[in-house]
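Data block below; observations after.
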Amino acid sequence: MYLLCFLVVLQLGYSRLTWGLFLFSPIVVLYLVYSVLRYGEYSGKELAEGEEWGYEGMDRSKLGTWG
């Protein structure tokens, strides 16, 4: 939503507001990172010993190979 507002303001030619949104954007990103780290909860299954992250709901034989 922030990006959409930025692009609309940019296309309308409001250069001061565009610069304001551009300079304010790192604060928005930091707030989003803080929110995810503070309130985010993982709801997937826990990995077993030696197991790697991947497609949780897929059978390994159905994934195929690259190349």
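Here is how the numbers come out for the structure above:
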| read-out | value |
| --- | --- |
| In region 28-45, residue surrounded by the fewest Cβ atoms within 10 Å (Cβ to Cβ) [restricted to those that are of a type in the set (V, I, T) and either under 15 Å from L3 (Cβ atoms) or touching a Cys at 6+ places or on another chain (Cβ under 7 Å) (or both)] | V29 |
| Every residue from region 8-30 that is more than 20 Å from the chain's Cα centre (by Cα) and of a type in the set (S, T, N, Q) | Q11, S15, T18 |
| In region 32-65, the residues that are in a helix (DSSP H, G or I), at pLDDT below 95 and aromatic (F, W, Y) | Y39 |
| Subset of region 1-31 (residues that are outside any loop (DSSP other than H, G, I, E, B) and of a type in the set (F, W, Y)) | Y2, F6, W19, F22, F24, Y31 |
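The values are calculated or read from the model by the stated rules, or taken from the named source; none is laboratory data. Source: prediction; values computed, not measured. No Cβ is skipped: glycine too gets one built from the backbone with ideal geometry, and neighbour counts run over all protein chains shown.
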